[in-house]
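Below is one structure, written out as structure tokens; comments come after it.
The values are calculated or read from the model by the stated rules, or taken from the named source; none is laboratory data. In this text, all values refer to a predicted model and were calculated from it rather than measured experimentally. Cβ: placed from backbone, ideal geometry, glycine included. Neighbour counts: every protein chain shown.
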Amino acid sequence: MIVTILEMLRYCLVLVFGVAVSLLFAGVRIGRLVTAFFCIVVILFQVLTWKMMGIVFTTQVYPLIVHLPLILFLVFYFKRPWLISISSVLAAYLCCQVPRWIGAVMMVIVGDLLANHISYIATMAVVYYFLKRHIASSVQELMERSLSSCLLFGTVPFLYYIFDYVTTVYTDLLYSGAYGAVQFMPSLVCTFYFLFVLLYYNESQKQAHAQRERDLFALQLHQAQLDFDNMRQIEKNTIISRHDMRHHLALIGSFAADGNLSKIKEYVTSTEATIDALTPKRYCENETINLILSAFNTRAKKMDVAMKVDVKLPAILGVNDTELCALLSNALENAITAAAQLEDKKLRKIYIHAIVTNHKLVISTENAYVGKIEMEGELPKSKNKDYGHGFGIKSMITIVERHGGLYSFETEGGVFILQLLLPLGNLI
């Protein structure tokens, strides 16, 4: 009598376990009332089928009266994708094998069917707790990451599902010791073990590459901050030079008192050169932009490149100075470097245009270039294969995309054109 009661309890709990694990894997919150109602309806339908058609027929149509309704329940009630729903149900079915094996082992050890049922129910509770606490979230993330990862996850449960029903429910191939049936699962485990190793390696490589890119972006932002600090220091030096102007005037006055005109001319020329070198040129109302453009104009002159500036920006942009410096620095550095490689000095020119329109910051650069620019999708491919090159463009794209902006890279008549658009309302 006790064995019969435990067997019926086990039968009901297996259904509840399968439904609960399927919901966990599918990433839905368990609605207790609706889930309990679903389980009761399915159990009643199973009992009805058992009474009318017998236990053998009920076992054979179990996929149609339990697993298929559960998949439809996930798809239409919880609005989960078909592939995730199917994979979740099949994976839950696979999880039932652990309690089944523990129960079988305990029955062999104790020699009593009662031990089988008790250990099965106890193990099922432990397995559910472990899956909910440690496994379910990882399974959800894996299946939702991509179609390929979901397919890879669901393949083993699917193949085992087919194998189990074909060799134990519809036939007795496994229990009769058929060689092909016995060797199927070891072969399946071996195959997917190596597929898992390959997938894990590829994912780890992607993560390592992404981490390297994040490190480089952080380094570039740090370098941009250093450049910006240097520009600020130049500005401070300029203020100091202005402060020292009275000393210069006093010295010039002493030269004038002595009637030493040549000394005056020489000293004035020297002082003007020093002040010009320290004073950022005023391109627009924004001092940060002036500092950046002045620094790169000096760099362009050293590389024999003419920099044409058409910048009309207000004093306050609401743009993070470090990110703004990174955008302009990368754009200008790439343009100057490309133009400096031209043999014809007349073509060694770059154009920088910046304006605010409709609450959007628009930045564009134009420069001639040598050779052919290869594109990878929408992005120009770096000719320098050394590690770290080509990240200037990626850094700009990262900043633009972070703030919901747009970018374009085009070539027209031997001229490379970069355009960036940043909504000012989204910037910090």
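List of remarks:
- All conditions in (1) aliphatic (A, V, I, L, M); (2) at pLDDT 90 or above; (3) surrounded by fewer than 13 Cβ atoms within 10 Å (Cβ to Cβ) hold for Val108, with the sole exception of (2).
- Qualifying residue in the stretch 285-304 (condition: more than 21 Å from Glu410 (Cα to Cα), part of a loop (DSSP other than H, G, I, E, B) and modelled with pLDDT under 90): yes
- Every residue from the stretch 305-333 that is out of contact with any Lys or Arg (no Cβ under 8 Å at 6 or more places or on another chain), exposed (fewer than 15 other Cβ atoms within 10 Å of the Cβ) and assigned to a strand (DSSP E or B): Asp310, Lys312
- Residues in the stretch 136-148 that are assigned to a helix (DSSP H, G or I) and either in contact with a strand residue (DSSP E or B) (Cβ under 6 Å, 6 or more places away or on another chain) or surrounded by fewer than 12 Cβ atoms within 10 Å (Cβ to Cβ) (or both): Ser138, Glu141, Leu147, Ser148.
- In the stretch 1-47, residue nearest to the chain's Cα centre (by Cα) [restricted to those that are under 17 Å from His67 (Cβ atoms) and among the aromatic types (Phe, Trp, Tyr)]: Phe25
- Just one of the listed residues (Leu427, Leu421, Leu406) is under 24 Å from Ile316 (Cα atoms) and at pLDDT below 80, and it is Leu427.
- Residue check for Ser146: of a type outside the set (Lys, Arg), over 30 Å from Ile2 (Cα atoms), modelled with pLDDT under 85 and under 31 Å from the mean Cα position of the chain (by Cα): yes
- Screening the stretch 58-129 for helices (runs of 4 or more DSSP H) wholly inside it with 3 or more residues that are under 41 Å from the mean Cα position of the chain (by Cα) and more than 18 Å from Gly27 (Cβ to Cβ) returns the ranges 97-110.
- The combined condition, being over 26 Å from Ala210 (Cβ atoms), in contact with a strand residue (DSSP E or B) (Cβ under 6 Å, 6 or more places away or on another chain) and without any contact (Cβ under 8 Å) to a residue 40 or more places away in the chain, is not fulfilled by Ala306.
- Tally of residues being out of contact with any Phe, Trp or Tyr (no Cβ under 8 Å at 6 or more places or on another chain), part of a helix (DSSP H, G or I) and of a type outside the set (A, V, I, L, M) across the stretch 1-45: 11
- The stretch 334-357: number of residues that are surrounded by fewer than 16 Cβ atoms within 10 Å (Cβ to Cβ) and closer than 18 Å to Gly413 by Cα: 5
- Whether a residue is in a loop (DSSP other than H, G, I, E, B) and either in contact (Cβ under 8 Å) with a residue 24 or more places away in the chain or surrounded by fewer than 14 Cβ atoms within 10 Å (Cβ to Cβ) (or both) was assessed, and Arg133 does not pass this test.
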